[in-house]
Structures are given as C-alpha cells and as structure tokens.
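To start, the structure itself, in structure tokens.
The values are calculated or read from the model by the stated rules, or taken from the named source; none is laboratory data. In this text, all values refer to a predicted model and were calculated from it rather than measured experimentally. Every residue, glycine among them, receives a Cβ derived from its backbone with ideal geometry; neighbour counts consider all protein chains shown. The accessibility values were calculated without ligands, DNA or RNA, using every heavy atom of the protein model including side chains. Shrake-Rupley method; radii C 1.70, N 1.55, O 1.52, S 1.80 Å.
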Amino acid sequence: MTVAEVFRGRTAVITGASSGIGAGLARHAAGLGMKLVLADIAADRLAEFAGELSATGAEVTAVVTDVADPASVEALADTAYTRHGAVDLLVNNAGIMAMGYSWEIPAERWDAMLRINIGGYVNGIRAFVPRMLERGEKAWVVNVSSIGGMLPSPLMAPYSVTKFGTLALTESLHYEMQMKGAPIQVSVVTPGSVKSEIFKAARPGETAPPEIAAFNDQLQAMADEHGLTPEEHAERVFEMIAEGKYWAIPQPEQLFPALQPRTDMILGQENPRLQLG
Ligand SMILES: NC(=O)c1ccc[n+]([C@@H]2O[C@H](COP(=O)([O-])OP(=O)(O)OC[C@H]3O[C@@H](n4cnc5c(N)ncnc54)[C@H](O)[C@@H]3O)[C@@H](O)[C@H]2O)c1
C-alpha cells in the first residue's frame with residue numbers, strides 16, 4: 001500500500017499545528033487526503049493556516065488548544081469526535097524550548113516546559129487513547145521527541161528532560177498497547193534539525209549570559225542552513241509510520257554518529273565529556 005492508500009480519508013489530530021514541524025505534517029496529511037483537526041495555542045496563526053489549507057480543498061477544523069491544560073485537550077478530543085466520529089491519527093507535537101543553565105532557568109519556565117512538552121503529551125494520550133481503544137479499529141499515536149531525547153545537552157536541560165521523557169512515555173504506551181492486544185500503532189519521532197520557529201521563540205534576553213544566546217543562535221543557524229524543511233521532514237515521517245515503524249528517525253545521519261559513542265560510553269561506564277558544536 002502507498003502512504004496515501006494507508007491514510008486517505010482518515011482523520012488526523014495534530015497539536016502545535018500552526019508552525020514548523022506540525023504545520024509540515026498538517027500540509028503533508030492534507031496532501032494525502034486526510035481530514036484534519038489542527039490544534040495550537042497561537043489562535044491567529046492557527047486560523048490563518050487552517051484557512052490556507054482549506055483553500056486548497058482540505059477538510060480542516062481549527063481548535064485553539066492549550067495542550068498543558070487537560071480540560072482543553074479533552075475539549076479538543078470532543079470536537080474531533082463530534083465532527084468526524086473517530087480519530088485515526090493523533091500527533092502530539094506541540095513543544096517549546098528553554099535555554100540556560102539549569103539552575104538559572106526560572107521556575108515558571110521549567111514548569112511550562114514540563115507542562116507543555118511532557119504534560120501536553122500525557123493529556124493527549126489520556127484524552128484520545130481510551131476513545132481509540134473503545135472503537136477497537138486501527139489507529140496511530142505519534143509522539144514527537146527529538147534527537148535531544150537520546151543525546152542530552154548542556155544549556156537545555158528542560159528540553160533534554162522532556163524529550164527523554166517522551167521516549168519513555170511513548171515506549172511505555174507501545175508496550176501497553178501490546179498488552180491490550182490493541183490495533184493502535186505507536187511511534188516516536190526523533191527529528192534532527194528542522195526549519196521552524198522554536199529557537200526564535202526561545203532566544204534568551206539581553207541580560208542572559210552571552211554563551212546562552214550564542215548557543216541558541218548556533219542551533220538556529222544549523223537549522224537555517226542544514227535543517228530539513230517541515231515538508232521534507234513530514235514526508236519521511238509519514239513514510240515510516242505507514243511502514244509500521246515504532247522508531248521514526250527522519251535524520252539518522254544526525255543521530256547515529258553520536259548515539260554509538262554515547263552507548264559505548266554508558267556500557268563502558270566512562271564519565272561523560274563535554275562536546276559542543
Ligand atoms: N525544529 C527542530 O529542529 C526540532 C528538532 C527536534 C524536535 N523538535 C520538536 O518538534 C516539535 C515542534 O517544534 P517546532 O520546531 O516545529 O517549533 P515551532 O515553535 O515552530 O512550533 C511549535 C508549535 O507549538 C505551539 N505551542 C506551543 N505551546 C503550546 C501549547 N501550550 N498548546 C498548544 N500549542 C502550543 C506553538 O504555538 C507552535 O505553533 C516540538 O515538540 C519540538 O521539540 C523540533
């Protein structure tokens with residue numbers, strides 16, 4: 001079966017859908033002939049993007065959602081099920097970044113990182129998986145982590161924590177679906193560099209130590225110069241999901257050369273050594 005044959009006519013819910021990776025996934029899904037329920041906290045940008053996709057003939061519902069709020073995600077699920085009767089594909093994607101030394105990042109920012117990047121995915125699973133299980137038909141749950149979910153980094157501890165957490169959460173869910181014998185395919189996506197707004201939104205202010213803004217700018221430049229476009233990224237992800245892959249690793253060339261030495265380091269019980277750039 002082609003990717004379009006797998007997904008055409010099915011309903012996808014995508015969080016963080018008005019920008020970057022989420023918008024790329026939404027565009028690609030629309031191109032495959034999927035019905036879309038797009039969720040984002042950025043109300044104006046979401047309305048504009050939903051309008052743009054609708055104009056191409058796609059069936060699109062936009063739901064302003066704060067993924068950090070369980071009630072807001074329940075309301076998103078209610079809307080999706082009322083509108084379409086079923087949800088076939090849930091993509092938990094909405095996420096933010098925080099840069100800085102772990103002890104200097106304000107408590108409110110740590111809290112937001114945990115509530116959005118991990119809490120948002122938990123809220124998605126709690127709102128949608130019971131309805132998918134009840135329906136008992138083929139469905140997909142896709143959680144967007146990062147290569148940072150396997151490679152911890154200095155100056156972005158909240159991000160590393162939440163992206164490692166996403167890996168654990170997703171694999172637990174995958175095993176639970178096997179225990180239940182449920183026809184729900186679970187996948188984790190570990191993007192490398194993809195062009196998006198995430199570093200722009202996280203750029204530290206003037207008062208932050210200069211090495212933090214420099215690190216943020218370095219990652220931004222890497223994405224601008226070498227990152228995939230969200231559309232290229234989405235095409236790879238949909239192919240891997242359609243093939244039934246749990247590990248959706250769109251840029252193995254950015255992950256594996258660092259993951260192998262990291263694995264060797266752990267198995268050899270060597271102390272981690274700082275490597276930047
Ligand atoms: N861009 C990359 O290089 C990269 C690499 C690895 C992983 N990721 C992951 O991809 C996902 C998407 O990031 P992106 O790079 O496209 O960033 P982005 O900033 O372009 O898009 C993130 C979207 O999430 C939305 N959002 C933020 N908080 C929200 C909330 N509380 N409720 C609902 N929506 C909310 C934003 O409004 C935005 O539209 C994130 O989980 C990120 O960690 C990105």
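Brief remarks follow.
- Between helix 230-242 and the chain there is an angle of about 60 degrees, using the helix long axis and the longest principal axis of the Cα atoms.
- In order through region 260-273: 3J(HN,Hα) via Karplus (6.51 cos²θ - 1.76 cosθ + 1.60), integer Hz, x for Gly, Pro: 5, x, 5, 5, 4, 4, 5, 5, x, 6, 8, 6, x, 10
- Within-15-Å neighbourhood charge of residue 73 [Cβ basis; K, R +1; D, E -1]: -2
- Rolling a 1.4 angstrom probe over the protein heavy atoms with all chains in place gives the chain an accessible area of 47 Å² per residue.
- Whole-percent carbon and sulfur share, accessible surface of region 67-110, 1.4 Å: 56
- Taking label positions 7 Å along the Cα-Cβ direction at both residue 197 and residue 56, the computed distance is 1.8 nm, reported to one decimal.
- Taking each residue as 0.36 nm, the span from residue 82 to residue 245 lengthens on full extension beyond its C-alpha to C-alpha distance by 55.7 nm.
- Count Lys and Arg as plus one, Asp and Glu as minus one, and take only other residues whose Cβ is under 14 Å from that of residue 85; the net charge is then 0.
- Efficiency of FRET from Cβ geometry, residue 168 and residue 256, R₀ 22 Å, rounded to 0.05: 0.60
- Estimated purely from DSSP H runs of n ≥ 4, each contributing -39500 (n - 2.57), the mean residue ellipticity at 222 nm for the chain is -16500 deg cm²/dmol once divided by its residues.
- Estimated inter-spin distance, residue 231 and residue 102, nm [label 7 Å along Cα→Cβ]: 4.1
- Figure legend: label point modelled 7 angstrom from the Cα of residue 137 along Cα→Cβ; residues of region 75-114 with amide N under 15 Å from it are 81-90.
- The slack between residue 126 and residue 208, meaning 0.36 nm per residue of separation minus the straight C-alpha distance, is 25.8 nm.
- Helix axis angle, 43-55 relative to the chain longest principal axis, alpha carbon, degrees: 50
- Using a probe radius of 1.4 angstrom, the carbon and sulfur fraction of the accessible surface of region 202-276 is 54%.
- Angle of helix 20-31 to the longest C-alpha principal axis of the chain, folded into 0 to 90 degrees and rounded to 10: 30°.
- Geometric extent, Cα atoms of region 3-267 - Rg, Dmax (angstrom): 17.8, 53
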